[in-house]
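Comments concern the structure below.
FYI, it's all coordinate maths here, none of it is from the lab. The structure presented is a predicted model; accordingly, all values stated were derived computationally and were not measured. Please note: Cβ atoms are built from the backbone with ideal geometry, for glycine as well, and neighbour counts cover all protein chains shown.
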Amino acid sequence: MDVAFEIVDVREGRGRGGRKARTPAVYKYGPYAVVVSITAPNFSRRVAATFETPGTYSLRVDVPNARGRGRVTVRVADATRLNAEDSYSVSFH
């Protein structure tokens, strides 16, 4: 299963004295470490990747071959160790 996600980082970079820096946040806070995991009864898979800039990406993760319900979780951490997590329930048929 391909899990698509978008990394959004709209923070402004700050320079000396708290002034707005010339370098955008895109370059100051990357790389972004992403972990996508799928869990279901008697099943757990995890895929990790690193992305240099915000954007839309997808990762391929194995799914169980038996019917059941599970959870897809996407975790993102930037270079400053700021973490974000989102998850949703799924049904495998």
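Here are the numbers:
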read-out: Efficiency of FRET between Asn42 and Val10 - r from beta-carbon atoms, R0 30 angstrom, step 0.05; value: 0.15
read-out: Contour minus Cα-Cα distance for Ala84 and Asp62 (0.36 nm per residue); value: 5.7 nm
